[in-house]
1. Between residue B:39 and residue A:183, how high is the FRET efficiency from 1/(1 + (r/R0)^6) when r is the Cβ-Cβ distance and R₀ = 56 Å? Nearest 0.05.
2. Angle check, please: helix A:349-358 long axis (alpha carbons) against the longest principal axis of chain A (alpha carbons), in degrees 0 to 90, nearest 10.
3. Which of the lysines could a cross-linker bridge to residue B:324, judged by Cα under 17 Å and excluding same-chain residues fewer than eight apart?
4. Sort A:169, A:146, A:335 by Cβ crowding within 10 Å, fewest neighbours at the top.
5. Add -39500 (n - 2.57) for each DSSP H run of 4 or more in the protein assembly as shown, then divide by its residues: what number comes out at 222 nm, to the nearest 500 deg cm²/dmol?
6. With a 10 Å Cβ neighbour count serving as the proxy for reagent exposure, in which order, fewest first, do A:79, B:61 appear?
7. If r is the Cβ-Cβ distance from residue A:317 to residue B:167 and R0 is 56 Å, what FRET efficiency results, to the nearest 0.05?
8. Counting DSSP beta bridges with both partners in chain A, what percentage is antiparallel, nearest 5?
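Since every read-out is calculated from the coordinates, none of them should be taken as a lab result. Computed from a prediction, not measured in an experiment: that's the story for all the values here. Note that we place each Cβ from the backbone using ideal geometry, even for glycine, and neighbour counts take in every protein chain shown.
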There are 2 protein chains.
Amino acid sequence: MDEVVLEVGRKAKQASFVLAKLSTLEKNAFLNCLADVLWERKEEVIEENKKDVQDAEAKGMKRSLVDRLALSEKRIADMAEGLREVAALPDPVGEVIEGTKRPNGLIISKVRVPLGVCAIIYEARPNVTIDSIGLCIKAGNAVILRGSSSALRSNRALVKIARDALKTRGLPEDAVSLLQSGKHEEVNALLKMREYVDVVIPRGGAELINTVVQNASVPVIETGVGNCHVYVDCSADLEQAVRIVVNAKTQRPSVCNACETLLVHEGIAESFLPLAAQALWEKGVELRGCPQTRAILGEKVQEATEEDWLTEYLDLILAVRVVKGVEEAIAHINRYGTKHSEAIVTSDYAAAKKFVEEVDAASVYVNASTRFTDGGQFGMGAEIGISTQKLHARGPMGLRELTTYKFVVLGSGQIRE
Amino acid sequence: MDEVVLEVGRKAKQASFVLAKLSTLEKNAFLNCLADVLWERKEEVIEENKKDVQDAEAKGMKRSLVDRLALSEKRIADMAEGLREVAALPDPVGEVIEGTKRPNGLIISKVRVPLGVCAIIYEARPNVTIDSIGLCIKAGNAVILRGSSSALRSNRALVKIARDALKTRGLPEDAVSLLQSGKHEEVNALLKMREYVDVVIPRGGAELINTVVQNASVPVIETGVGNCHVYVDCSADLEQAVRIVVNAKTQRPSVCNACETLLVHEGIAESFLPLAAQALWEKGVELRGCPQTRAILGEKVQEATEEDWLTEYLDLILAVRVVKGVEEAIAHINRYGTKHSEAIVTSDYAAAKKFVEEVDAASVYVNASTRFTDGGQFGMGAEIGISTQKLHARGPMGLRELTTYKFVVLGSGQIRE
């Protein structure tokens, strides 16, 4: 086991015991302090970030990825503002979730407590650094960060500022650590460090998530892969259906809650598909369809393959399939979906009820865009990610999902007979 | 990937969609039916079990393990009764956990749903077979069982009865499956089958749990390893403390919530240790102590090594250490404990508060025996195990802990701006 990583883990665990005891006021004061210091020292961050950006460009990084990597004054202001927003959220720690007095007089409370040490593994987006620090610390957790090596200088600058702010507030610096070697062994060591790490959350694309899931013995929360569907039922209001499909596909195509496949009831395919196609083509969307879709829309629509039903395009491409009805739509979704966000557009009560009951996904929608699956939109405040697994948390994960609970049992000498 | 196991997984997943839709009445009817059929066909089970027991004895299995393996009419009656008790518990599925109406009119409910497919890996205790079937099906899950090869014939007979009962009630037989090859590859395949298995729960000793944790890419709930402590503070009622320590150590020494190390405040060590030792020796407990303990209790107490602080004896052995106070007791527990059940005996409010806040464990007790950490004792009804990890469920896991949730979002054409 990598000694450096082990030492980071050991110190983070020690720090986590201090964090777990902090009052809400102390945590909020730190977050606001960090927001202030981040803004004061923005030049320092931007300077280091420029070097990362130059290197990335020299290495031929894609434009869209360089855009995510680059920090401006505006982005730093947004990061600071994000910290202040997290400070303003209610503190989940200490909540008594439920409780009871047992017949033998034992008083049992289930009390919300921090997870302990959270490890976050992510890609070249330095805003995730500050974002993760804010959420983890507010929930009383120490955090170990492992960003992309292409953002290393930016992350170093940000973590230095965070550790300085911790020191200023009299808190243990090891509450925030950054793994810096850039080596793969470092990640592997982190993923095996069960003694010190309570959960690892990968934030990024399918490949990153898969690597983590396959190699971790530490518990993982899988996030973010969304092969989402909109199913337009034969009873749908067609104009509403077009609006929802266009929104779900094009409002922000690069994110996990965007729609990737459109399913259409055969009873309305001939009337609906031309309307939808026109609106989607106007937005520059490429369609790939099943034979029935192509029979209606013509050669402009490329043929969809099995691969298309499985693909999260994250781009202006939409697979289209005509189905016999809600039953077949549900079967398609449960077979090809990633259990993220799924929508039906319908005016039929029974179809809506069947869809929400039988589709196996974190979020199921009736007559609304899949784009709403988001901590902010769901009223949780900032989110650390969207879980697509069923254990622990499902769907958007806010502060509460970064906690666990303990049973506190108060007795007066009870023994078990 | 093992084709047989893959096929079992595929069918279990299909069955899980049917189970998820069942009403409480249908599930209860199945459980009561299974209880009846199990009792009617007890000879069949006992006959197969006899062969397992004979083989185990021929192979020199330890007496205590053979006892766990052997089924009698009484044990089968208990298993049937257990099924009826689970049938009588409230159904967790369908509960609306919380909900809200958002400013844009979206109505969001967080609804409790089954996990899907649960895999249970366990040792040579055939009662776990029926127990797991009862709990998983009541929570709406399909279950894949993998017991010890030394209980294979018993498990085959039990699972055959369960599948027959499913058929009788018009339910898919693949709701219950047993892996039967006895090969290690089978377990490895199960642990990697992310597409079909939603959670794997190992029920057994530290070695089994470790194997599962190290090899699974399917999400795991770790259960059951308990290196539990009782700390006797200087303000403790000494007689109460003796009763609690004796109960926690000896009432059932082979289980995970039994006490393995006694920590004693130095201020009362001289008065308390002789009292405790006498009571424990009367029960046949062997003590292993730190130098201070041995200075007080003498040579009869073997010297405790670092290994002793780490050991879950599951036997009539108790490690004993004198500590400076609650602070040192907490540090010892957080270092050597397995986050299961930890108790303080004290009359001091501040010490009690500090202990429950700072000890990192699923259950923390004031003035009560650690032996109460149990689904039944906590008022949850039957339990599938006691989680010692922080993700998903912590402490005793009943029916509710065998579920997850989905967000159901009802709209009227909302799109995201």
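1. The computed FRET efficiency comes out at 0.40.
2. 50
3. List returned: B:354.
4. Result, fewest neighbours first: A:335, A:169, A:146.
5. -14000 deg cm²/dmol
6. Least crowded to most crowded, the residues run B:61, A:79.
7. Once rounded, the FRET efficiency stands at 0.75.
8. 30
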